[in-house]
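The values are calculated or read from the model by the stated rules, or taken from the named source; none is laboratory data. Because the structure is predicted, anything quoted here is derived from the model rather than measured. Reconstructed Cβ throughout: ideal geometry from the backbone, glycine too, with neighbour counts over all protein chains shown.
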Amino acid sequence: MTTILTVNNITKVYTMREGSVNALNEVSFAITKGDFVSITGPSGSGKTTLLLALSGLIRPTAGSIIFEEKHLEKASDKELAEFRKNNVGFVMQNFSLIPYMTAIQNVMIPLGLSGKTMIEQRELSEAVLGLVGLEDRKNHFPRELSAGQQQRVAIARALINNPTLIFADEPTGNLDPLLSTEILEFLKKINKERNITIMMVTHSPQAAEYGNTRIHLRNGTMDTLHSKETKTLTE
Ligand SMILES: Nc1ncnc2c1ncn2[C@@H]1O[C@H](COP(=O)(O)OP(=O)(O)O)[C@@H](O)[C@H]1O
Ligand SMILES: [Mg+2]
């Protein structure tokens, strides 16, 4: 079992004119490659801040984040951008699709700087749209797709760079229970079949059940790290 991500005592203080907020307080944990991690906790407990710090979009005030032996807190902005481009896919609650771009154009966005030709970019994007079952919707605009389909386009975009990690911030927050299950099952599938490590923030106890590892935050402090073995068929 390989450790992919190690977090040692990270603290994040947001400083503003009116004062400061301790969003994370000495949080520590280690994630094994291929884990499906659910991150739960009340609103304002630091879940989004944790994902942003892990992806290098914000820097922790103190502590270290080690991805495959590389210290992200010591990396330059350029190295962090490179780390994200090569290793990270994002899935957000509001799908964050560009409204005036078609499904395939949205999926192609991260390939912009890849050095691939337009034909290669199209072929790759079509293949990934096929993977999420939307090959026949590639020329549709987001408004012409259901919420579940829009989230699948967002997942295809997150997968396009073949990431090692997917960070999902309330990916089912805007979906009804049926579509939520569809998206969660799909995340589980790519987690299992492609061994992509998933870190998913969620409010929903049913969604959190998908994690084999659970992190619960309360006021910026981690109060549980719970790991369960993947359920086996024979009891
Ligand atoms: N950019 C920011 N500037 C100042 N305070 C922030 C900022 N982002 C988040 N916070 C504060 O940090 C705390 C944790 O926020 P957040 O990580 O968004 O929590 P969650 O995702 O669990 O709802 C909250 O008190 C929030 O108001
Ligand atoms: Mg949040």
> Could you give every pair whose Cβ atoms fall below 8 Å, whose first residue belongs to region 155-174 and is within 21 Å of E135 (Cα to Cα), and whose second residue is within 16 Å of ligand 1 (Cβ to nearest atom) and among the aromatic types (F, W, Y), counting only separations of at least 6 or pairs across chains?
Replying inline: A158/F90
> So which of E18, E73 ends up being over 17 Å from the mean Cα position of the chain (by Cα) and exposed (fewer than 15 other Cβ atoms within 10 Å of the Cβ)?
Replying inline: E18
> What pairs come up if the first residue lies in region 110-130 and is over 22 Å from R194 (Cα atoms), the second is among the charged types (D, E, K, R) and in a helix (DSSP H, G or I), and their beta carbons are under 8 Å apart, counting only those six or more places apart or on different chains?
Replying inline: L113/K85
> What about S28, is it away from ligand 2 (no atom under 13 Å from the Cβ), modelled with pLDDT of 95 or more, in contact with a helix residue (DSSP H, G or I) (Cβ under 8 Å, 6 or more places away or on another chain) and hydroxyl-bearing (S, T, Y)?
Replying inline: no
> Out of G19, G46, which single residue is out of contact with any helix residue (DSSP H, G or I) (no Cβ under 7 Å at 6 or more places or on another chain), farther than 24 Å from N212 by Cα, of a type in the set (G, A, S) and within 13 Å of ligand 1 (Cβ to nearest atom)?
Replying inline: G19
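Residues are listed down the side, and each one gets a yes or a no for (1) in contact with a helix residue (DSSP H, G or I) (Cβ under 6 Å, 6 or more places away or on another chain); (2) among the hydrophobic types (A, V, I, L, M, F, W, C):
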position: M118; (1), (2): no, yes
position: N139; (1), (2): no, no
position: T164; (1), (2): yes, no
position: F167; (1), (2): yes, yes
position: S180; (1), (2): no, no
position: R214; (1), (2): no, no
> Do we have I39 as within 16 Å of ligand 2 (Cβ to nearest atom), under 20 Å from P163 (Cα atoms) and under 19 Å from the mean Cα position of the chain (by Cα) here?
Replying inline: yes
>> Given the criterion within 20 Å of G211 (Cα to Cα) and surrounded by fewer than 22 Cβ atoms within 10 Å (Cβ to Cβ), identify the matching residue among E135, E182.
In response: E182
> Considering region 71-105 alone, what residues qualify as being within 17 Å of P163 (Cα to Cα) and among the polar types (S, T, N, Q)?
Replying inline: N86, N87
> Taking region 1-25 on its own, how many of its residues are at pLDDT 95 or above and part of a loop (DSSP other than H, G, I, E, B)?
Replying inline: 0
>> Looking only at region 199-235, how many residues end up being within 22 Å of A158 (Cα to Cα), modelled with pLDDT under 90 and not in a loop (DSSP other than H, G, I, E, B)?
In response: 0
> In region 185-226, what residues are among the polar types (S, T, N, Q) and loosely packed, with under 14 Cβ neighbours inside 10 Å?
Replying inline: N195, Q206, T224
>> Which count do you get for residues in region 61-82 that are in contact with a Leu (Cβ under 7 Å, 6 or more places away or on another chain) and without any contact (Cβ under 8 Å) to a residue 60 or more places away in the chain?
In response: 2
>> Against the condition under 21 Å from L52 (Cβ atoms), among the β-branched types (V, I, T) and either surrounded by 20 or more Cβ atoms within 10 Å (Cβ to Cβ) or touching a Phe, Trp or Tyr at 6+ places or on another chain (Cβ under 9 Å) (or both), how does V88 come out, does it pass?
In response: yes
